[in-house]
Amino acid sequence: EPEVTQTPSHQVTQMGQEVILRCVPISNHLYFYWYRQILGQKVEFLVSFYNNEISEKSEIFDDQFSVERPDGSNFTLKIRSTKLEDSAMYFCASSETGGNNQPQHFGDGTRLSIL
Amino acid sequence: SQQGEEDPQALSIQEGENATMNCSYKTSINNLQWYRQNSGRGLVHLILIRSNEREKHSGRLRVTLDTSKKSSSLLITASRAADTASYFCATDDPTSYGKLTFGQGTILTVHP
């Protein structure tokens, strides 16, 4: 069964450094998402992306965050200047079509640790 | 206010028993979904129930939705040790386009 793949599985970065988290969504999917899960807390929506544009973003997704689909397969999340509070699991998800009433398929996540 | 709150927070049962998890939410929805997360892994979609549906089945899973009470339940019948995981409900936002709001989750432990 097709899967969403994320790399790296674990990223350790010094505070203030830039980090790029990578995702390969399922190939025929058109909508892409990033979520994060701080240890012990809920999974939180960050951003949705369709047709090379951000569809929606949460208040967490401030100017330090950006997303890009640099080619036909990858979908990236960049954090420009990381803070300690950015430490979390970051999950990429994709869905075949957008909107509601669609299951989202998640990758196994990238654990981001900011030192 | 919190959207998508599950209870219990933790549930421990023996293999073969049924497990019931509940989810409450506060705002209107188009659908509610249940996901499973094994330790250290991503979320796996289990089942989606639309707001005009009351009950849905998938294998050993049974989901109910009561929009008047803004609540849902997930029943896993004849549980197995492999069902040990965290289970989350997730609600959509009718004003958005795909954004999911997750609950805190129920940690289910099934003892062999």
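Structure above, values below:
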{"read-out": "Gaussian network model of chain A, Cα within-10 Å springs - most flexible of A:69, A:22, A:80", "value": "A:80"}
{"read-out": "Accessible solvent surface per residue of the protein assembly as shown, calculated while the other protein chains remain in place, 1.4 angstrom probe, Å²", "value": "48 Å²"}
{"read-out": "Inter-probe distance in nm under a simple model that places probes 7 Å from Cα toward Cβ, at residue B:95 and residue A:53", "value": "2.0 nm"}
{"read-out": "Hull volume in cubic angstrom per residue (convex hull over the Cα atoms of the stretch B:5-111)", "value": "91 Å³"}
{"read-out": "Above-threshold pairs, the threshold being 28 Å between Cα atoms, out of A:42/A:83; A:83/B:26; B:26/B:56", "value": "A:83/B:26"}
{"read-out": "Label zone at residue B:9, where the point sits 7 Å out along the Cα-to-Cβ direction: the stretch B:60-86 residues whose backbone N lies under 19 Å", "value": "B:85-86"}
{"read-out": "Relative counts (whole %) of C-alpha pair distances in the stretch A:7-115, using bins that are 10 Å wide", "value": "15, 51, 29, 4"}
{"read-out": "Long-range amide H partners of residue B:47 with built H, under 5 Å", "value": "B:34"}
{"read-out": "For residue B:42, residues with placed amide H under 5 Å, excluding near neighbours", "value": "A:108"}
{"read-out": "Computed over the stretch A:5-114: relative contact order in percent, which uses C-alpha pairs under 8 Å that are six or more apart", "value": "38 percent"}
{"read-out": "Under the Karplus curve 6.51 cos²θ - 1.76 cosθ + 1.60, θ = phi - 60°, whole-Hz ³J(HN,Hα) for the stretch B:44-54, x wherever Gly or Pro sits", "value": "10, 5, 9, 6, 10, 10, 7, 5, 9, 9, 10"}
{"read-out": "Nearest-0.05 FRET efficiency for residue A:28 and residue A:84, computed from C-beta distance (R0 41 Å)", "value": "0.60"}
{"read-out": "Per residue convex hull volume, Cα atoms of the protein assembly as shown, in Å³", "value": "124 Å³"}
{"read-out": "Dipole magnitude of the protein assembly as shown about its Cα centre (Cβ charges: Lys, Arg +1; Asp, Glu -1), debye to nearest 20", "value": "260 debye"}
{"read-out": "Contact order relative to length of chain B, as percent, for alpha carbon pairs under 8 angstrom and 6 or more apart", "value": "37 percent"}
{"read-out": "Between B and A, accessible area buried - total, square angstrom, nearest 100, 1.4 angstrom probe", "value": "2100 Å²"}
{"read-out": "Long-range HN-HN contacts of residue B:98 with modeled amide H, under 5 Å", "value": "A:99, A:100, B:93"}
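The values are calculated or read from the model by the stated rules, or taken from the named source; none is laboratory data. Just so we're clear, the structure is a prediction, and the values are computed from it rather than from any experiment. Methodologically, a virtual Cβ is constructed for each residue, glycine included, from the backbone with ideal geometry; neighbour enumeration extends over all protein chains shown. Just the protein is used for accessible areas: all its heavy atoms, side chains included, with ligands, DNA and RNA removed. Shrake-Rupley method; radii C 1.70, N 1.55, O 1.52, S 1.80 Å.
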